[in-house]
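Here is the structure we will look at.
The values are calculated or read from the model by the stated rules, or taken from the named source; none is laboratory data. As the structure is a prediction and not an experimental result, all values here were calculated from the model. All Cβ positions, even for glycine, are placed from backbone atoms using ideal geometry, and neighbour counts span all protein chains on display. These accessible areas exclude ligands, DNA and RNA; they are computed on the full protein's heavy atoms, side chains included. Shrake-Rupley method; radii C 1.70, N 1.55, O 1.52, S 1.80 Å.
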Amino acid sequence: IYADPAKRLELYFRPKDPYCHPVCANRFPTSTMLLRVRRRTRRKQQMDTEEQIQPDVQFEMEILGIVTTVYKFQGMSDFQYLAMHSGPDGKQISMYDKVLMLKPEKEEFFNRDLPLYIPPPIFSRLDTPIDYFYRPDIQHREGYNNPQVSGENLIGLSRARRPHNAIFVNFDDEEIPTKPLDAAVQNWKKVCTNPMDKKVEEELRKLFEVRPVWSRNAVKANISVHPDKLKLLLPYLAYYMLTGPWRSLWVRFGYDPRKHPEAKIYQVLDFRIRCGMKYGYAATDMPVKAKRSTYNYSLPITVKKQGSHTVSVHGLKQGLGTAGTSGAKKSPSSRYKLKESVYVFREGALPPYRQMFYQLCDLNVESLQKIIHRNDGTESECTERDGWCLAKTSDDLRDSMSLMIKQIIRSTRPALFSNTTSSEDGKEQLAYESGEDEDDEEEEEEDFKPSDGSENEMETEILDYV
């Protein structure tokens, strides 16, 4: 606990009771000394027993060290839940010998009729009293009349919308926006006050002229702009696609990719690195580690994380110069740039995350581009699943990319594939991986949930604007 400053120290009053809820101590810095005090008492022997004996008391004090951290128990300690049952006479009967299996038991132990005992799945995350500051109900005041129901006085979202003013478009929407919202224009003009901001705006305009559809990571890899400023600049120049083959991408105002067959190269591919015994390596053997691990899961007993520092409009106007010590060493032209690998797939290189959103034009492998351009000139319909490509094009791309990644792992860790046999078995494995057992593959990919911390997930990006 001491090694992790985010953990709280637990104290169990009944350590052998699995249902004992601990009390937690918070960590505080201090500057105190640890003392060792000894009290020595010596009794004086008197010849006259009638006189009162005065003991000789001496104190010895020694400084052992300096204490820099203390743990203080400030929470409530009476928050417990016992495995008890009320008998017919109202007497509480313990159920520990009936619900706890302390040794291997026979079948009769599990077939006994017991009173219903359902412990709480989780205790309260608060162990200190707080003031709720309830407000009086105005409906009970004299002379108050309920207003007419309308959209203005209905309870909406639990928090105010973030003022980024992005325009969201679904694949089924008939019209696409041709210009940004007035609020988005005002927000960008409010912070665009220095020459660097003007330069970034022109660079992003040129990017959208060369390529009308971009992902946020691709933009961050091509221009150097602070992430908080990019949140205001993107809604000023493009709209956001929520569904369809261009989901999670930013599209230039006035450009409708559903009407242009050549826009298929800008479609998105949701690629996730496959793992499992049928692929030759388990999740623990993957060279690309997950963003989060269950071993680092923050339990309710941990200290609340510090909130992210909010950026004010004044800070944006000043150019956000205080970007940290690491950012200060870089030049302004590359301070906020990401690596090319966050949006480009190349043969022989592993993706930085287990889940990636690639645009088809950023798959820089000749065999993959042949799969994409199989129907060039014969595109007839744009579907929500495959866009302008042939059916199951995404599945074919994923299979080919998975084989490339498997070859990379095979070359770096040959011990994982020591059990592989002849090339014929490899062909059978290839056929097995290429979609013949689609049900198992879909189940496995559905079980692999995207991590919250990855910057390459559209869920994270949507939350920035909704």
Under a 1.4 Å probe, counting only protein heavy atoms, Lys98 has an accessible area in Å², nearest 10, of 70 Å²
Too long for a 23 Å Cα-Cα cut-off, among Lys206/Lys337; Lys198/Lys259; Lys189/Lys259; Lys337/Lys392, are Lys198/Lys259; Lys189/Lys259; Lys337/Lys392
Checking rank on 238-248, 398-408, 334-344, with mean other Cβ inside 10 Å and highest first, the result is 238-248, 398-408, 334-344
Long-range alpha-carbon pairs in segment 1-124, meaning those over 20 Å apart, account in percent for 71 percent
Reported to the nearest 10 Å², Cys389 has, with a 1.4 Å probe, an accessible area equal to 10 Å²
Of 19-28, 221-230, ordering from highest average Cβ density within 10 Å down gives 221-230, 19-28
Given 37 °C, 0.692 mPa s and a Kirkwood radius over Cα pairs, the Stokes-Einstein diffusion coefficient of segment 352-398 in µm²/s is 282 µm²/s
For Met84 the rounded accessible area (nearest 10 Å², probe 1.4 Å, non-protein molecules ignored) is 70 Å²
